[in-house]
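See structure below.
The values are calculated or read from the model by the stated rules, or taken from the named source; none is laboratory data. As the structure is a computational prediction, the values presented were derived from the model and not from experiment. FYI the Cβ positions are ideal-geometry reconstructions off the backbone, even for glycines, and counts take in every protein chain you see.
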Amino acid sequence: MSIVSRPLRAWSVVFCLFATLAAPVAHAQATSGNPALEKQLSRLDLALNGIGSFTKGVSGTNYLGVPLSQDGSNTFGALLSIRYTKSPYLGGEFNYTYARYTQNYSQYIVGGAQTNASEYSVGYVAHPPHPLFGAQPFIAGGFGTTAFRPTTGGGQGLKSQARMTYYYAVGLDKDITPHFGVRAQLRQTFYKAPDFGQNYLTIEQHTWTIEPGFGFVIRF
């Protein structure tokens, strides 16, 4: 099972500490004497979640008529989200995820291909105005692209590839201070299984990844 690299984990911790300390100061400086700007900034939040990544295996037949199964290893990653919430039922978000895992095939590639996967997506977010377990629930859904980039050392010389991606998410936000809180959520993404542009790996099957996550929210 692959895990997020040490540099990424270290930067994640630094980011959380910096954002927690900087958000109230930045908010006060930027909005001093400017109610309109203060109102807009109050609608923004920035979140960093650690996520699990569990992908469904798929199987099919390639153009040579050879049966082929494909399975992505379970791993951990990170999700960075920026949200703008105008009202409980009107909000939007941008997401970036990163995970490193092994793409395994039953034929052709021995040992699998080490791959970096990065999702870039936008979506709609609703925050129902009724608390749940003392926290603020949310529902989100959207689309984007996932870039699959085989690593230099363990990627078996495969080419990078992007796949159209759709997602939904449900979760809870809990404020600890006016500018800091925690978020727990469950995401699921849907996309065509990557073949890295190799016709012998193409089986034209769609798969999904489940991403449970927990992390921190910075409010401006």
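One line per residue, one yes/no per condition, for (1) hydroxyl-bearing (Ser, Thr, Tyr); (2) modelled with pLDDT of 95 or more:
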{"residue": "103", "(1), (2)": "no, yes"}
{"residue": "107", "(1), (2)": "no, no"}
{"residue": "116", "(1), (2)": "no, yes"}
{"residue": "120", "(1), (2)": "yes, yes"}
{"residue": "126", "(1), (2)": "no, yes"}
{"residue": "129", "(1), (2)": "no, no"}
{"residue": "142", "(1), (2)": "no, yes"}
{"residue": "148", "(1), (2)": "no, yes"}
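Return the residues of segment 51-78 that are small (Gly, Ala, Ser) and either more than 30 Å from residue 215 (Cβ to Cβ) or over 15 Å from the mean Cα position of the chain (by Cα) (or both); say none if nothing qualifies. 57, 59, 60, 65, 69, 72, 73 - these are the residues of segment 51-78 that are small (Gly, Ala, Ser) and either more than 30 Å from residue 215 (Cβ to Cβ) or over 15 Å from the mean Cα position of the chain (by Cα) (or both).
Could we say that residue 218 is assigned to a strand (DSSP E or B), in contact with a helix residue (DSSP H, G or I) (Cβ under 7 Å, 6 or more places away or on another chain) and among the β-branched types (Val, Ile, Thr) here? Spelling it out, residue 218 is indeed assigned to a strand (DSSP E or B), in contact with a helix residue (DSSP H, G or I) (Cβ under 7 Å, 6 or more places away or on another chain) and among the β-branched types (Val, Ile, Thr). When the criteria are applied in full, residue 41 meets the requirement of being at pLDDT below 95, among the aliphatic types (A, V, I, L, M) and in contact with a helix residue (DSSP H, G or I) (Cβ under 8 Å, 6 or more places away or on another chain). Does residue 147 satisfy the condition of being of a type in the set (A, V, I, L, M), under 25 Å from residue 59 (Cβ atoms), out of contact with any Pro (no Cβ under 7 Å at 6 or more places or on another chain) and in contact (Cβ under 8 Å) with a residue 60 or more places away in the chain? Against the criterion (of a type in the set (A, V, I, L, M), under 25 Å from residue 59 (Cβ atoms), out of contact with any Pro (no Cβ under 7 Å at 6 or more places or on another chain) and in contact (Cβ under 8 Å) with a residue 60 or more places away in the chain), residue 147 does not qualify. A single entry from 53, 59 fulfils the requirement of being assigned to a strand (DSSP E or B), polar (S, T, N, Q) and exposed (fewer than 14 other Cβ atoms within 10 Å of the Cβ): 59. Of the candidates 58, 13, the single residue that is out of contact with any Pro (no Cβ under 7 Å at 6 or more places or on another chain), β-branched (Val, Ile, Thr) and either at pLDDT 95 or above or over 30 Å from residue 139 (Cβ atoms) (or both) is 58. Please count how many residues of segment 163-187 are crowded, with 17+ Cβ neighbours inside 10 Å and under 30 Å from residue 61 (Cβ atoms). Selection size over segment 163-187: 3. Within segment 150-162, is even one residue surrounded by 18 or more Cβ atoms within 10 Å (Cβ to Cβ) and over 21 Å from residue 108 (Cβ atoms)? No, segment 150-162 contains no residue that is surrounded by 18 or more Cβ atoms within 10 Å (Cβ to Cβ) and over 21 Å from residue 108 (Cβ atoms). The test for being of a type in the set (Asp, Glu) and closer than 22 Å to residue 215 by Cα holds for residue 173. Hey, could you check segment 195-215 for residues that are in a strand (DSSP E or B) and polar (S, T, N, Q) and say which is farthest from the chain's Cα centre (by Cα)? Across segment 195-215, the extreme among qualifying residues is 207.
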